[in-house]
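Read through the structure below, which is laid out as structure tokens, and then see the notes.
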Ligand SMILES: NC(=O)c1ccc[n+]([C@@H]2O[C@H](COP(=O)([O-])OP(=O)(O)OC[C@H]3O[C@@H](n4cnc5c(N)ncnc54)[C@H](O)[C@@H]3O)[C@@H](O)[C@H]2O)c1
């Protein structure tokens, strides 16, 4: 099944939309990004260029002539003048940022606006009118049911979930998922496009709240909170166990492969001991509720589960994470992944 070919529309100008646009543009796809407010256009374009620059720097982009501009209204922002061109500028890779309207048709429209069902329904119906008859409309929702979002679409068989991970241009995984009326070939085409732009897709067999990766993450978090609340270890110890142990291993092989490597007889014996003892709580953890009641919002507010964060801490953590993701991307290419 072939990937959709042609221009792609990304709706939204936030963290995820700029990463998605950067990845598409870096793969040589003509990408148009639609934002609501003219004031947001320049910042959106700069952010896409920053992310493209990062992909160029780690060899995850194919520099070449800039893709042809979409017909219609001129881009609302020009590249910022700079004495020495950035890696993104030198590569000639860019996405076109438009405000309020974009001339169709597009082969694919990706909605990545705020996680609000009504706002998304409006954006999706509107995006559907801009895609070609055989085009695909996709949503990057993290938690909303596709059946609810498909309500009101004229061609629900061409509608699918395409769930990326932050930072979208760097994390290889995307989850492809369909609603009740999605045609199988829509999922196959989206998975095919994902591979064509260097992503590693998994396709879910049915719409499932939280998809796969977030369910796994929250299952681990439930046990992490239980360990801390029972006084077994501190929050720093949990983070250390994941970063230095599980995470380091899982970057190379997944949990099922790790069990195959360990031996299924051993795995079965440990499962008999441990599974009955793991947390089965269905409540939001008391620790999280306590920390939230104190007003903490995490790094963005200067205080979180791990205590106080000085100004700049969030940027420092993001830079450390992104540097490692870039290294892993290189290692993946080296391994032929
Ligand atoms: N942040 C993540 O880690 C992550 C990961 C996967 C998926 N997602 C999903 O991606 C989507 C976007 O998340 P984000 O983190 O980029 O958010 P964000 O707040 O960074 O960006 C949201 C963007 O949507 C725009 N917007 C809001 N309401 C709109 C409307 N009614 N019409 C048009 N534009 C509108 C905002 O101006 C902003 O540019 C959400 O559905 C979110 O659940 C987020």
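Remarks
- Test: residue 109 is modelled with pLDDT of 85 or more, surrounded by 15 or more Cβ atoms within 10 Å (Cβ to Cβ) and farther than 19 Å from residue 181 by Cα: no
- Residue in the range 114-131 that is in a strand (DSSP E or B) and either free of Cβ contacts under 8 Å to residues at least 12 places away in the same chain or surrounded by 17 or more Cβ atoms within 10 Å (Cβ to Cβ) (or both) present: yes
- The range 177-191, residues that are within 12 Å of residue 207 (Cα to Cα) and part of a loop (DSSP other than H, G, I, E, B): 179, 180, 181, 182
- Leading residue by the ranking (farthest from the chain's Cα centre (by Cα)) among those in the range 169-193 that are touching a residue at least 40 places away in the same chain (Cβ under 8 Å) and within 16 Å of the ligand (Cβ to nearest atom): 190
- Considering 149, 153, the condition of being touching a helix residue (DSSP H, G or I) at 6+ places or on another chain (Cβ under 7 Å), assigned to a helix (DSSP H, G or I), more than 14 Å from residue 186 (Cα to Cα) and at pLDDT 95 or above is satisfied by 149 alone.
- Residue, nearest to the ligand (Cβ to nearest atom), within the range 156-168, restricted to residues that are surrounded by fewer than 23 Cβ atoms within 10 Å (Cβ to Cβ) and in a helix (DSSP H, G or I): 156
This table checks each residue for (1) under 20 Å from the mean Cα position of the chain (by Cα); (2) surrounded by 10 or more Cβ atoms within 10 Å (Cβ to Cβ); (3) assigned to a helix (DSSP H, G or I).
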| position | (1), (2), (3) |
| --- | --- |
| 260 | no, yes, yes |
| 265 | no, no, yes |
| 273 | no, no, yes |
| 292 | no, yes, yes |
| 324 | yes, yes, yes |
| 327 | yes, yes, yes |
| 330 | yes, yes, yes |
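The values are calculated or read from the model by the stated rules, or taken from the named source; none is laboratory data. Please read all numbers here as calculations on a predicted model, not as lab measurements. Reconstructed Cβ throughout: ideal geometry from the backbone, glycine too, with neighbour counts over all protein chains shown.
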